[in-house]
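Notes for the one structure printed next.
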Amino acid sequence: MAEMTPMMKQYWKVKEQHPDCLLFFRLGDFYEMFHDDAKLGAEELGLTLTTRDRGKPEEERTPMCGVPYHSAQSYIARLIKRGYKVAICEQMEDPATAKGLVDRDVIRIVTPGTAMADEMLDESRNNYICAVYEDSAGAALARCDLSTGQFSAAPFQGKDYLPHLLNALAACPPSEAVLSDAAASDGELTAFLKDRLGCLCQPVVEARFRPAQARDALCACHLRGEDEPFPEENGLRMCLQAAGALAGYLTETQKTDLSHLGPLVIEEGLTQAYMELDLTARKTLELTETFRGKEKKGSLLWVLDRTKTPMGHRMIRSWIEQPLRSPAAIAKRQDAVEELSRDGMAREELVLTLRRIPDLERLIGKVVYGSANARDMLVLADGLAVLPQLMAQAETVAGRALAPLLRGLEGLDGLERALHAAIREDAEDDRLPFTIREGGFIRSGYDEEVDHLRDILDHGADMVAALEGREKERTGIKSLKVRYNKVFGYYIEVSKSYYSMVPEDYIRKQTLVNCERFITQELKDLEHEILSAQSRVTALEYNLFCKLRDMAAGQVRQVQTAADRVGRLDVLCSFAAAAAENGYVRPEVDESGVIDVREGRHPVVERMLKDSLFVPNDTHMDGGADRLSIITGPNMAGKSTYMRQVALIVLMAQMGSFVPARAARIGVVDRVFTRIGASDDLSAGQSTFMVEMTEVAQMLKNATSRSLLILDEIGRGTSTYDGMSIARAVLEYCADKKRLGAKTLFATHYHELTEVEHSIEGVRNYHIAAKKRGDGIVFLRKIVPGGADQSYGVEVAKLAGVPDRVVGRAREILGELEQQGWAPPRGRPQAAEPDQVSLGDMAGAAVLEQLRAVSVETLTPIEAMNLLYQLKSQL
Ligand code: ADP
Ligand code: MG
């Protein structure tokens, strides 16, 4: 590397400042990558590696690869998805006019959490970047969606704040997190972010989190006034530290106007306002995607989402992820859904209008950020133009709940008219240009100067011909011609014989054998006008665009408000449509602590069933005599479905949605927990008994008496006796008023646990009915009081197609076991250890008995295996 070219020196200077980024270095129409960046880029993007210095020996060549600038976004998007950061280094001056080396600088750093281009964003989800600050007083989480401008911060205080922080992260998973030193060294937090949420974690210079720097960064983004003092109170202080660090990071990476951000919302009572759900509950209840396939189809979102606008798509997702806790807030949403439910026809009209509204929220974000082009501006204007109609239609159905919403849609007509007046139509065969530096987007008739310049461009030849005609007439020279060449530009040519007639004001430029060439001031002015018209018109259009942009940016808050109202209206319409289509009712929501559902249904399963009808079931739970339901019944009876149905109905009610039932009264719950026995989801790969127990532990630590607990066959992942013991101990703990006393649905395959009904008040036995028919079984899907009389395992095995010989043999074994009086073990609550020892002994004895009875000669290998398995599972 003895003689590095000046350009490579420039490259290295820039690269040194951004060691953790892939550097996209603008060279003409390409972004080039060099050296290691080139190798990595070539590999990740499937590009061909080349070199600039073919003459040099192999080891001195600089590997490079590049992508055309106009298609760069899709390449950057791919790199960002894989967790890289890309620094965009642009030419800061026009290479045509630059003297020497073109000045270059990094204009933006693109990271997963700061994507702005359409190619990198999914219109149906927010793209969050967050900052976490931790110190001895607790933690704060700041969260921002750069594309929409949302910016909020929430404090987490108290000794055990971490689970609450993790739950808040799970509600709106970020794609990138900026961490203070303490947060970055918090193993549990970073593991959760990286492994469970797939989030890119960035340790950030600690100084950014210091109050002074944080305050400056917030001021710079207009998120806080200059004169507002930094608060003393810990929660607020930490919030501002996190938000300030985030604002600082965004400013540094984006290097542009970020005044579309905000307002900064401090969510002090986050855990009071929203129901808290941990990631496990979100996943097992399949709120936004299915547990296994990770698909939207089959999730609650799939059932409820009829939204038509990008704002609506994003908002319904956040409403589903964050059910409310205040009955008053819930009632507001319900009232609105009810108003929209009264007139289905009017609602459908409204929905047709909603369909025409584009992503106002991200469009105005792009406008302020400076990345909007003329097409974006036109789409924005088209969207604003729909608002008055939307408002008029909504007014016909709006009652007291919707009316205040509609007011936020007003007042944007002026902006809409101004934009439409300025930007021309976007025609199929004449698209608006992609960049705002090429001109060609200002409507004709909008600006006199633009029209004049365009006229010159279109009619330059005519104007020259007209001048030629005038000069011929004035001078009387018949052969006078206006010509053009590259050296002189335009000139007047007069042949020798007419020299005497040349007027005084002609300026001689060149004498040839047969003719002379002249110029006049008028001709030079015309020439200048023609030749500069192009660059003047593009510059002028650019300026006009900037003015429009500033004007639109000046109304950023109004546009954001309108976008928010459109989103709300869209989600409320969606709830109303889902309710109408699926026969939902408005639940009564209160603080009673009672969950009473008449003929409830599972919102998703009822939609997925193809050739059978969903059987509705009632539920009654309260804080008193009906606190905990033990649910037994054969495999496949519908236990899991029933319990999830109850949880989903509660969640839907707290979202403000109507619910799948004939009638429902829901006392709000603070949290819903769902825990599933490990062997139910072995296919997920990671679910082991240990994970199951960790989750149970988390639940028992964090649940309150106002929580709803769904426990689905816990204790399966281990041997029968310790599994059953754990299940029973957990059951007792949940039911006991002196401990948890939470409303609990507890499905178990341990029939023995039905005993508990007699020993703890508030516990009730239920089972899901099934009937034997011949050797088979019919599932009735009805929940009825009392424990199941038997488990029908053999019948289910038969139904599942286990070979008859095996089923027959199983029946034989079962008969023998029953004859031997192998009674289910019993125990009292808070069973003392001696009980467990004797249970174990009993099992040992039973196994011995069976072993003695087996005639090994007649067993098939499969039967032998099965028997062994059974015997083992009894130990
Ligand atoms: P379990 O947990 O008791 O083994 P599941 O809840 O998994 O049973 O239910 C098994 C299947 O039975 C479900 O996939 C569903 O198709 C069907 N099912 C469950 N409950 C009902 C119901 N109430 N009405 C109709 N079908 C049901
Ligand atoms: Mg089940």
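Of note:
- Matching residues, segment 189-232, being over 23 Å from the mean Cα position of the chain (by Cα), under 30 Å from LEU279 (Cα atoms) and either free of Cβ contacts under 8 Å to residues at least 24 places away in the same chain or surrounded by fewer than 19 Cβ atoms within 10 Å (Cβ to Cβ) (or both): VAL205, GLU206
- Elements of type strands (runs of 3 or more DSSP E) contained in segment 93-185, each with 2 or more residues being farther than 30 Å from ARG26 by Cα: 128-135, 138-144, 151-157, 174-179
- Residues of segment 597-614 that turn out to be within 18 Å of ILE768 (Cα to Cα) and more than 16 Å from ligand 2 (Cβ to nearest atom), as a count: 9
- Of the numbered criteria (1) farther than 26 Å from PRO310 by Cα; (2) of a type outside the set (S, T, N, Q); (3) crowded, with 17+ Cβ neighbours inside 10 Å, the one PRO112 fails is (1).
- Criterion (open to solvent by less than 20 Å² (accessible area, probe 1.4 Å), at positive phi and in contact with a helix residue (DSSP H, G or I) (Cβ under 9 Å, 6 or more places away or on another chain)) met by exactly one of GLY138, GLY100, GLY158: GLY138
- Selection within segment 29-79 - of a type in the set (Asp, Glu) and assigned to a helix (DSSP H, G or I): ASP36, ASP37, GLU43, GLU44, GLU58, GLU59, GLU60
- Scanning segment 59-91 for residues that are open to solvent by 20 Å² or more (accessible area, probe 1.4 Å), under 27 Å from CYS199 (Cα atoms) and out of contact with any Cys (no Cβ under 9 Å at 6 or more places or on another chain) gives SER71, GLN73, SER74, TYR75, ARG78, LYS81, ARG82, GLY83.
- Among the residues of segment 586-624, the ones that are open to solvent by 30 Å² or more (accessible area, probe 1.4 Å), within 26 Å of LEU301 (Cβ to Cβ), within 14 Å of ligand 1 (Cβ to nearest atom) and not aliphatic (A, V, I, L, M) come to 9 in all.
- Unmet requirement for GLU761, which otherwise passes all of (1) within 16 Å of ligand 1 (Cβ to nearest atom); (2) under 30 Å from GLU591 (Cβ atoms): (1)
- Identity of the residue in segment 711-724, under 19 Å from THR694 (Cβ atoms) and in contact with a helix residue (DSSP H, G or I) (Cβ under 6 Å, 6 or more places away or on another chain), that ends up farthest from ligand 2 (Cβ to nearest atom): THR718
- Candidate set from segment 777-795 (those that are within 13 Å of ligand 1 (Cβ to nearest atom) and small (Gly, Ala, Ser)); member that is farthest from GLN645 (Cα to Cα): GLY793
- Check on LEU467, touching a residue at least 40 places away in the same chain (Cβ under 8 Å), surrounded by 13 or more Cβ atoms within 10 Å (Cβ to Cβ) and over 57 Å from the mean Cα position of the chain (by Cα): yes
- Segment 625-644 - residue that is under 20 Å from ASP670 (Cβ atoms) and of a type outside the set (A, V, I, L, M) and, of those, nearest to ligand 1 (Cβ to nearest atom): ARG644
- PHE779 satisfies every condition listed in (1) at pLDDT 80 or above; (2) of a type in the set (A, V, I, L, M, F, W, C); (3) within 27 Å of CYS734 (Cβ to Cβ) except (3).
- Residue that is nearest to ASP622 (Cα to Cα), among those in segment 718-769 that are part of a strand (DSSP E or B) and either open to solvent by 30 Å² or more (accessible area, probe 1.4 Å) or touching an Asp or Glu at 6+ places or on another chain (Cβ under 8 Å) (or both): LYS743
- Qualifying residues in segment 522-562 (those that are free of Cβ contacts under 8 Å to residues at least 40 places away in the same chain and in contact with a strand residue (DSSP E or B) (Cβ under 8 Å, 6 or more places away or on another chain)) - the one nearest to HIS459 (Cα to Cα): GLU527
- So GLU361, is it acidic (Asp, Glu) and crowded, with 22+ Cβ neighbours inside 10 Å: yes
For every residue, the table says whether it meets (1) among the small types (Gly, Ala, Ser); (2) over 19 Å from the mean Cα position of the chain (by Cα).
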position: GLY66; (1), (2): yes, yes
position: LEU79; (1), (2): no, no
position: VAL86; (1), (2): no, yes
position: GLU90; (1), (2): no, yes
position: ARG104; (1), (2): no, yes
position: ARG108; (1), (2): no, yes
position: PRO112; (1), (2): no, no
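- Meets criteria (more than 16 Å from ligand 2 (Cβ to nearest atom), modelled with pLDDT under 95 and either surrounded by fewer than 22 Cβ atoms within 10 Å (Cβ to Cβ) or among the charged types (D, E, K, R) (or both)) for GLN534: yes
- Residue within segment 47-65 that is closer than 26 Å to PRO203 by Cα and touching a residue at least 40 places away in the same chain (Cβ under 8 Å) present: no
- Residue check, ALA552 out of contact with any Gly (no Cβ under 9 Å at 6 or more places or on another chain), closer than 28 Å to ARG454 by Cβ, open to solvent by less than 80 Å² (accessible area, probe 1.4 Å) and among the aliphatic types (A, V, I, L, M): yes
- Any hit, segment 631-644, residues being away from ligand 2 (no atom under 14 Å from the Cβ), touching a residue at least 60 places away in the same chain (Cβ under 8 Å), part of a helix (DSSP H, G or I) and open to solvent by 10 Å² or more (accessible area, probe 1.4 Å): no
- The residues of segment 164-186 that are open to solvent by less than 50 Å² (accessible area, probe 1.4 Å) and without any contact (Cβ under 8 Å) to a residue 24 or more places away in the chain amount to a single one, ALA184.
- Test for ILE710: is it at pLDDT 95 or above and out of contact with any Asp or Glu (no Cβ under 8 Å at 6 or more places or on another chain): yes
- Verdict on TYR84 being of a type outside the set (A, V, I, L, M), under 18 Å from ALA42 (Cα atoms) and in a loop (DSSP other than H, G, I, E, B): yes
- Residue selected from segment 770-798 under the condition in a helix (DSSP H, G or I) and in contact (Cβ under 8 Å) with a residue 60 or more places away in the chain, by the criterion surrounded by the fewest Cβ atoms within 10 Å (Cβ to Cβ): GLY793
- Residues satisfying the stated conditions in segment 758-769, i.e. touching a residue at least 12 places away in the same chain (Cβ under 8 Å) and farther than 13 Å from LEU731 by Cα: TYR766, HIS767, ILE768, ALA769
The values are calculated or read from the model by the stated rules, or taken from the named source; none is laboratory data. A quick note: this is a predicted structure, and the numbers were derived from the prediction, not measured. Glycine gets a Cβ as well: all are built from the backbone with ideal geometry, and neighbour counts include every protein chain shown. Surface areas here come from the heavy atoms of the whole protein model, side chains and all, with no ligands, DNA or RNA. Shrake-Rupley method; radii C 1.70, N 1.55, O 1.52, S 1.80 Å.
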